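I have placed the structure first, in the form of structure tokens, so that the comments after it can refer back to it.
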Amino acid sequence: VDLQVCSSKSPTCCTKKMEERYQTAAKQDIQQVLQTSSATLKFLISRNAAAFQEAFEMLIRLAENYTSMLFCNSYRNMAAEATVHVQEFFTDVGLFLFGTDVSTEESVNRFFDTLFPVVYNHVINPGPTDISLEYAECLRAARRDIRPFGNIPQKAVGQMGRSLLPSRAFLQALNLGIEVINTTDHLCFSRDCSRALLRMQYCPHCQGLTLSKPCLGYCLNILRGCLAGVAEVDLHWRGYIQSLEELSGALSGARGAERVLLNFHSLVRDALVQARSNGPELSEQVNKICGPPVRKPKESPGCSFDQNKDKQGLKTFSRDSVETLANRRKEFISHLWLHRAFYGSLVDQLCGNELAAADGLPCWNGQDVLRSYTHRVVGSGIKAQSANPEVKVKGTDPVISQIIDKLKHVIQV
């Protein structure tokens, strides 16, 4: 008599405790079904997110190596000092690509600022001793006014900004895709929905009907009610996949991060050539701003960059890998495109493929096993649920609203 949900006119073998256990089982079942249905999609995104992140890490290391080798091969006497600044710069590039708030413009400018004293000391005005730290600091501060490297730093700022931003957005978007699926895989169901799930899946057991399955219309009403918020994700998920496809197009070609990063060393080479050819005028300008060089005993070690250290790892990632990366992106997007209707068709898939009885077979309608379900079947989404005869839906779950906002934001980015 004290049953809350599975009450029936005839005697029943369920106790209140069994009903509570069934309630827990019903929720676990539906979560299990949700996780199984999204497993392929989740694996597709997370595997590619990891692969692209690894490819970019490799790309940054390769670009750093090219730049350090330029100093070792052509400017050996200042290689040790310059390599430190090269490493700092590419560390910044990595931080930016993987989502930290650092400015690419600031990073490029800082690199050329710190490079100027080294170039002045070894190329423009070399002496038997090194310039003092204070003098080096004056040169660093004056670099943007003196412009020893011409317009090359500006060119590098433009190229880096244009090429790294889409790659950063691409990686961010993939991580968000995983977050969206994790969110919809682990929903908290309302009390009303939990009771409806119990009534649909386990109440027939209380009447000894352990083999009966719910009617299709009945299953659709209950899941469309319980997953009304998830249906709202559909429109934004489609937009997300479409904008990822458009972004993927922008990542390829001459302006792509791969080409710009692997070409950075040649910009640095041009900058050094320019500084060397304008040596006398630059010395004059420096004297006006910082005075004549103040020197200290020399302590420049040679080239400390180990060219063999990374050769093995980098052989597998050469310039050909740029093409491979572009192809991998294309392939990933074409696979992802097949899942663009995932959230829109989720309930129909769940009821049609696993949960509900096949057409024409006797089925459970919430009260009894009959030939059919006679109530009206409602549509998907929050608005349609006001007419749902099985579940009361109060509005969008705040967790779903939050994930929709994140999707809107990443589409804008």
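Note on segment 40-130: Cα-only Rg and Dmax are 17.3, 66 Å.
Dividing the summed -39500 (n - 2.57) terms of all DSSP H runs of n ≥ 4 by the residue count of the chain sets its mean residue ellipticity at 222 nm at -21500 deg cm²/dmol. Which one of Leu361, Leu325, Leu34 has the biggest mean-square fluctuation once the chain is modelled by GNM with Cα springs under 10 Å? Between Leu361, Leu325, Leu34, it is Leu361 that shows the largest mean-square fluctuation. For the chain, the solvent-accessible area with a 1.4 angstrom probe is 49 square angstrom per residue. Net charge in the neighbourhood of Asp101 (other residues with Cβ under 14 Å of its Cβ; Lys, Arg +1, Asp, Glu -1) is -2. If I compute Kirkwood radius over Cα pairs in Å from the structure I just sent, which labelled value in (i) 23.1; (ii) 26.0; (iii) 27.5 lines up? Correct label is (ii). Within the accessible area of the chain, the carbon and sulfur atoms contribute 51%, probe 1.4 Å, all protein chains present. Normalising by residue count, segment 151-266 has a Cα convex hull of 148 Å³ per residue.
When the listed pairs Lys17/Lys406; Lys27/Lys330; Lys213/Lys394; Lys213/Lys408 are checked against a 31 Å cut-off, the alpha-carbon distance exceeds it for Lys17/Lys406; Lys27/Lys330; Lys213/Lys408. Qualifying trypsin sites (Lys or Arg not before Pro) in segment 1-68, where qualification requires a DSSP coil assignment and no more than 14 other C-beta atoms within 10 Å, comprise Lys9.
Among Ser345, Thr114, Ser252, whose Cα sits farthest toward the positive end of the charge dipole of the chain (+1 at Cβ of Lys/Arg, -1 at Cβ of Asp/Glu, about the Cα centre)? Working it through, the farthest residue towards the positive pole turns out to be Ser345.
The values are calculated or read from the model by the stated rules, or taken from the named source; none is laboratory data. Fair warning: this is a prediction, and the values are worked out from it, not measured in the lab. Here the Cβ is made from the backbone with ideal geometry for all residues, glycine too, and neighbour counts use every protein chain on show. Keep in mind that these areas ignore ligands, DNA and RNA; they rest on the heavy atoms of the full protein, side chains included. Shrake-Rupley method; radii C 1.70, N 1.55, O 1.52, S 1.80 Å.
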